[in-house]
Amino acid sequence: MRDSKPDPRTKYKRVVLKLSGEVLRGGKSGDPIDGNTLLEVCSQVKEIYELGAQVCVVIGGGNIFRGVAASAKGMDRATGDYMGMLATVINGLAMQDALEQHDVVTRVVTAIEMRAVAEPFIRRRAIRHLEKGRVVIFAAGTGNPYFTTDTAAALRAMEIKADVILKGTKVDGIYTADPMLDSQATKYASISYLQVLERQLKVMDATAISLCMDNKLPIVVFNLRLPGNIRKVVLGEPIGTTVSN
Ligand code: UDP
């Protein structure tokens, strides 16, 4: 059961969890949305929900469709991007279903109106959902082509006055080089926004990083694949890499 008051140990009271669509893909099955993987991710979300944190999830769509990849094959870029945004709605609904199977109350909120499926984004209403203890799943990115769901996470975090963006990835933080390709790569415990931009570290896209920098919003990059990690981050344990000034 969720506590009515946040656990006093929580470092972050209101968080935006940014999940790439790829986190839902099954390792063995290779399905774009794998049932077991989805339940595993959602059980981690439930852990921070039970700590009493106010939780938003911004879900990507790259497991289903990416506009830039489609445009490289000749599709109009904006059309591809709208398809990508629709893909995030599919993922958002899948997450809603899995979270509700875990008895977590949710609302899917979309940047593109589709009232029969989810409610449109209205800033004050989204904040109200958080105050009432609902997990808010932001789908359809920013609603604009040429952007990404990383930028959507930064934008929504600013709008709802979140304390932090938690970026769950396949690796346990930001490295000097890609640790999958370079065995000499070392992990940063913390790093500045400018260093991320200058060194072109692939954390989030530059638009998202700049937005966070201008508004002093910290980002914690951590390994989502280790069970219990989101909870540890929310409790302030030194997990992953923190991007701040
Ligand atoms: N997209 C967009 N505008 C946005 C967010 C997303 O056009 O504000 C499109 C874009 O085509 C992108 C796709 O949706 O490739 C999926 O989003 P993203 O690549 O950010 O997903 P992720 O990599 O996080 O799974």
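The values are calculated or read from the model by the stated rules, or taken from the named source; none is laboratory data. Keep in mind the model is a prediction, meaning the values are calculated, not measured. Note that each Cβ is placed from the backbone with ideal geometry, even for glycine, and that neighbours are counted across all protein chains shown. Remember, those area values only see protein heavy atoms, side chains included, never the ligands or the DNA or RNA. Shrake-Rupley method; radii C 1.70, N 1.55, O 1.52, S 1.80 Å.
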So if I place +1 on the C-beta of Lys and Arg and -1 on the C-beta of Asp and Glu, and nothing else carries charge, what would the dipole magnitude of segment 43-186 be about its Cα centre? I want it in debye, nearest 20.
500
To the nearest 0.05, what FRET efficiency results for Leu197 and Ala69 with a Förster distance of 25 Å applied to their C-beta separation?
0.55
Just Leu181, Leu38, Leu130 to compare: in a GNM of the chain, with alpha carbon springs under 10 Å, which one fluctuates most?
Leu181
What percent antiparallel are the DSSP beta bridges of segment 1-124, to the nearest 5?
0
Amide H of Glu113 versus every other amide H placed in the peptide plane: which residues, excluding those fewer than 5 positions away on the same chain, fall under 5 Å?
none
What number comes out for accessible area per residue over the chain if the probe is 1.4 Å? Units Å², please.
47
With every protein chain kept in place and a 1.4 Å probe, the residues Arg125, Arg115, Arg225 fall, from largest accessible area down, as Arg115, Arg225, Arg125
Net charge near Leu24 (other residues with Cβ under 11 Å of its Cβ; Lys, Arg +1; Asp, Glu -1) is -3
Go from 0 up to the bin containing the longest alpha carbon distance in segment 92-144, width 10 Å each, and give me the % of pairs per bin.
27, 56, 17, 0
Just the accessible area for Lys11, please: 1.4 Å probe, Å², rounded to the nearest 10?
120
For Lys18, list long-range residues whose amide hydrogen, built 1.01 Å from N in the peptide plane, is under 5 Å from its own amide hydrogen.
Val58, Leu166, Lys167, Gly168
State to the nearest 20 debye the size of the charge dipole of segment 1-67 about its Cα centre, where the only charges are +1 on K and R beta carbons and -1 on D and E beta carbons.
340
Just name one of Ala69, Ser20, Val57: the one whose Cα is farthest towards the positive end of the charge dipole of the chain (beta-carbon charges, Lys/Arg +1, Asp/Glu -1).
Val57
Enter the Cα centre distance for the pair segment 86-132 and segment 29-55, rounded to the nearest angstrom.
15
Helix-only mean residue ellipticity at 222 nm for the chain, each DSSP H run of n ≥ 4 adding -39500 (n - 2.57), per residue, nearest 500
-11000 deg cm²/dmol
Please list 3J(HN,Hα) in residue order for segment 7-16, calculated via the Karplus relation 6.51 cos²θ - 1.76 cosθ + 1.60 where θ = phi - 60°; whole Hz, with x for glycine and proline.
4, x, 6, 5, 7, 10, 8, 10, 10, 10
Just for the chain, what percent of DSSP beta bridges are antiparallel, to the closest 5?
15
For a quick check, take a GNM of the chain with Cα springs below 10 Å and name the residue from Ala70, Ala111, Ala162 with the largest mean-square fluctuation.
Ala70
